Amino acid sequence: MNEGLEDILAQGLAVVFCGINPGLLAATQGHHFAGRGNRFWRTLHLAGFTPEQVRPENDRSILQYQCGLTAVVERPTARADQLSKEEFIAAAADFERKIAGYAPRCVAFLGKAAYSALSGQREVAWGLQPKTFGNAAVWVLPNPSGRNLAFSQAQLVDAYRSLRQAMIGNDQ
């Protein structure tokens, strides 16, 4: 369990969205992606994962859409760059066991930093990765944080929609 921020997981989900670590506001409120500037919930809705935009205080409802939420590093920080590489390395084995234990079809890392640290790869491409993690397919998606100015809302939606469309293709 994260410090003030519980995982929202169940067996055999379609996808587990994996944040780098909880933000301070999310940890304080006990709800994932709670910051006003965070674009996660809007992006998820616009990409077709949820029929309406989920509010952070209703984050547990994401399970009904076959989606889960977790973070690689449990320690909350104001910014992800406040984490050390050693924290990712220390979290890696337990995190991979968690993913393997819950057995989602896919784990989607939100941002390259966490997956890069866990996989040991310096260069990570966006989208579907060639290797699995905890027996789940791996996608790397842009981080929806309001601090991530490199991606517009439309670019986030396009990236997340690619995952959604790939998942739908696998259901048929």
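The values are calculated or read from the model by the stated rules, or taken from the named source; none is laboratory data. Here the structure is a predicted model, which means the values were calculated and not measured. When we count neighbours, we look across all protein chains shown, and the Cβ atoms used for this are built from the backbone with ideal geometry, even at glycine. For the accessible areas, the whole protein counts, side chains as well, though only heavy atoms, and no ligand, DNA or RNA atoms are used. Shrake-Rupley method; radii C 1.70, N 1.55, O 1.52, S 1.80 Å.
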Within the accessible area of the chain (1.4 Å probe), percent carbon and sulfur: 50 percent
Accessible surface, region 100-172, averaged per residue in Å² (probe 1.4 Å): 53 Å²
For Leu128, residues with placed amide H under 5 Å, excluding near neighbours: Val140
Largest-first principal axis extents of the Cα set of region 1-45 (Å): 29, 26, 15
Proximal charge balance of Ser152 [Cβ under 11 Å; K/R count +1, D/E count -1]: 0
Charge-dipole axis of region 15-170 as Lys and Arg at +1 and Asp and Glu at -1 on Cβ define it, positive-most pick from Ala114, Leu163, Ala137: Leu163
Loop-resident sites, region 42-101, for GluC sites (Glu not before Pro), counting at most 16 other Cβ within 10 Å (DSSP): Glu52
Taking all pairs of distinct alpha-carbon atoms in the chain, Kirkwood radius in angstrom: 15.8 Å
Region 15-170, relative contact order in percent, only Cα pairs under 8 angstrom and at least six apart counted: 29 percent
Alpha-carbon spread of region 68-153, three principal axes, descending order, Å: 33, 26, 25
Under 12 Å from the Cα of Lys98 - aspartates and glutamates, other chains or at least 8 residues apart: Asp7
DSSP-defined antiparallel bridges as percent of all bridges, region 15-172, nearest 5: 15 percent
